[in-house]
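Worksheet for the structure shown next.
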Amino acid sequence: MPASPFPFITRNWPIKGAALFLALMLYVAVQLQQPVTTSFDVTLNVQLPPGRALMQKLPKVRAQISGKGTQILKLRSLAGDITRRVPDTVTAPTWVVHLDPTDVELALPKGADVRVMEIRPSEITLALDSVARKDVRIVSLVNVTPESAQVLRGGLSMTPTTARLVGPGKSLAVIDSVTTVPMEISNVSGTFSRNVPIDTMPLGFIRIAPKQVTVTGEMDAIVERSFAGIPVETGAGAITNYIVTPAKVSVSVRGPEDRVQALTRDSVRVVAHLTASISGAAGGVARITVIGPRGITAHAIPDSVTLRRRTPTRRG
């Protein structure tokens, strides 16, 4: 009868068991130092412009990582995300997102020696709802409060004068213009400039560009000047049927310095208002006004004249 090998196997079994355990541990330790490759899901976050929406579900994105086995074992749960923002200016129904391994933000322990090797897919085409574009005029709600002895010269200018809207076609159809926010400008002299925001509150999720305008203007000094000996007329010519007292008056003009200095005696006319009561009588007192250039304030001294009807000359 052959001898049983069992006594040989069980002889010094604690020593043999320890040796086997150490051999296995050495094998595992060596294997854990070898490069290991694995993959995990990545969350793709897409930030859309206000009012736009995705028309289809985003595909699943997976990232492949490589590192030592010991490092991979430490990462019991892998997590990563990529964020992409669709620009506000995009009006097309699609937008292509390119993904790169460097885009992945891993929730890794500090000092973990793990590298992202690949992302699949590396390119995703987003399907967006359709939008329209429309150019509208910008209405200024800016007012200037001049200081004493100053005036706004030539009004305010605004740049740009139109804005581009992007949004659903039905929403854009009812919008013909946008306005700046109300603004009061004071305590300015000479040439001035202000950046004024466009009021976007009524637009809701409709996007607009630009979002502000530049308003410029120039303040001018107010001066006064007088012209003496201006004849009184009817507006249609000289007064011939009446004797006018005084026949000539002084005119005081007030306005922006450059415009006032450019005026001449011919720039103003003094007109007597011949009412029906005066025309039907021998005469009377007529009020007079001054007609001058636009933007110039003028008044006559005195502000009325006496009219006396001329008597016909008798021939002998």
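Solvent-free Debye calculation, one equal scatterer per alpha-carbon of region 132-220: log10 I(q)/I(0) at 0.16 Å⁻¹ equals -0.64. Legend: translational diffusion of region 222-309 by Stokes-Einstein, Rh = Kirkwood radius over C-alpha pairs, 20 °C, 1.002 mPa s; D = 160 µm²/s.
Here the label points at T179 and T240, each 7 Å from Cα along the C-beta direction, are separated by 5.5 nm in the simple model. Estimated from the Cβ-Cβ distance and a Förster radius of 45 angstrom, the FRET efficiency linking D135 and N187 is about 0.80. If the chain linking T306 and M158 were pulled fully straight, counting 0.36 nm for each residue of separation and taking away their Cα-Cα distance, it would gain 48.3 nm.
Set the Förster radius R0 to 45 Å, insert the Cβ-Cβ distance between R115 and Q56 as r into 1/(1 + (r/R0)^6), and round the FRET efficiency to 0.05. So, using R0 = 45 Å, E works out to roughly 0.90. Ignoring aspartates and glutamates fewer than eight residues from K57 along the same chain, the ones with Cα atoms less than 14 angstrom from its Cα are D129.
Under a Cβ-Cβ cut-off of 13 Å, what is the net charge of the residues other than L126 that fall near it, where Lys and Arg count +1 and Asp and Glu count -1? Result for the local shell: +2.
How much FRET efficiency would the formula 1/(1 + (r/R0)^6) give for D88 and E147, where r is the Cβ-Cβ distance and R0 is 45 Å, rounded to 0.05?
0.65
May I ask for the net charge around S277, where only other residues with Cβ less than 14 Å from the Cβ of S277 are counted and Lys, Arg are +1 while Asp, Glu are -1? Charge balance near S277 sits at +2.
Only the coordinates and a few stated rules stand behind these numbers; no lab work does. Being a predicted model, the structure only gives us computed values, none of them experimental. Counting neighbours? That spans all protein chains shown, and the Cβs are built from the backbone with ideal geometry, glycine included.
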